[in-house]
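Chemist: Here it is, the structure, as structure tokens.
The values are calculated or read from the model by the stated rules, or taken from the named source; none is laboratory data. Quick caveat: nothing in here was measured; it's all calculated off a predicted structure. Cβ: placed from backbone, ideal geometry, glycine included. Neighbour counts: every protein chain shown.
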Amino acid sequence: MFAFEDLRIYNDALSFSKDIYKLTKYFPREETFGITSQLRRAASSVALNIAEGSGLSKKEFKNFLRRARGSVYECVPILNIALDIKYISEEDYKRIYNGCNTLAKSISALMKSM
């Protein structure tokens, strides 16, 4: 087992990514290489950056955490677009948006604690 697998923030990021994959499963087929791919890549990048940076120095890990938080931020406008063009419901938007907010705050708190 890798050390990052014990990090709560890593497991939260994995859950977030899975939620995004489930949500985008029902996006139109013509969006496979558009908004679907963009949102999935941004969401997956959160956990990937946490894992990649965890084995490095604190300074380097903070840089990877900044990237992870940036990926969370990247999800927000994509979710807004998906809501506006009716790919997701208001309820799904609020749920995932709240997940973005919580995840970004957790990443910031971890950075601050280092």
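Chemist: Inspect the stretch 5-24 for any residue being of a type in the set (Phe, Trp, Tyr), modelled with pLDDT under 95 and over 16 Å from Arg67 (Cα atoms) and give the result as yes or no.
Modeler: Among the residues of the stretch 5-24, not one is of a type in the set (Phe, Trp, Tyr), modelled with pLDDT under 95 and over 16 Å from Arg67 (Cα atoms), which makes the answer no.
Chemist: Let me ask another. Against the definition (under 26 Å from Leu7 (Cα atoms) and among the small types (Gly, Ala, Ser)), how does Gly99 come out, yes or no?
Modeler: Yes.
Chemist: If you check every pair at least six apart or on different chains, which have Cβ atoms under 7 Å apart with a residue in the stretch 98-114 that is within 18 Å of Ala43 (Cβ to Cβ) first and a residue that is among the small types (Gly, Ala, Ser) and surrounded by 12 or more Cβ atoms within 10 Å (Cβ to Cβ) second?
Modeler: Leu103/Ala13; Ile107/Ala68
This table checks each residue for (1) over 9 Å from the mean Cα position of the chain (by Cα); (2) part of a helix (DSSP H, G or I); (3) touching a residue at least 40 places away in the same chain (Cβ under 8 Å).
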| site | (1), (2), (3) |
| --- | --- |
| Tyr10 | yes, yes, yes |
| Ala13 | no, yes, yes |
| Tyr21 | yes, yes, no |
| Leu39 | no, yes, yes |
| Leu65 | yes, yes, yes |
| Ala68 | no, yes, yes |
| Ser71 | no, yes, no |
| Val76 | yes, yes, no |
| Ala82 | yes, yes, yes |
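Chemist: Before we move on, is Leu48 in a helix (DSSP H, G or I) and surrounded by fewer than 20 Cβ atoms within 10 Å (Cβ to Cβ)?
Modeler: Considered against the rule, which asks whether it is in a helix (DSSP H, G or I) and surrounded by fewer than 20 Cβ atoms within 10 Å (Cβ to Cβ), Leu48 comes out as yes.
Chemist: Listed residues Lys86, Lys94; which is outside any helix (DSSP H, G or I), among the charged types (D, E, K, R) and at pLDDT 95 or above?
Modeler: Just one listed residue meets the conditions, Lys86.
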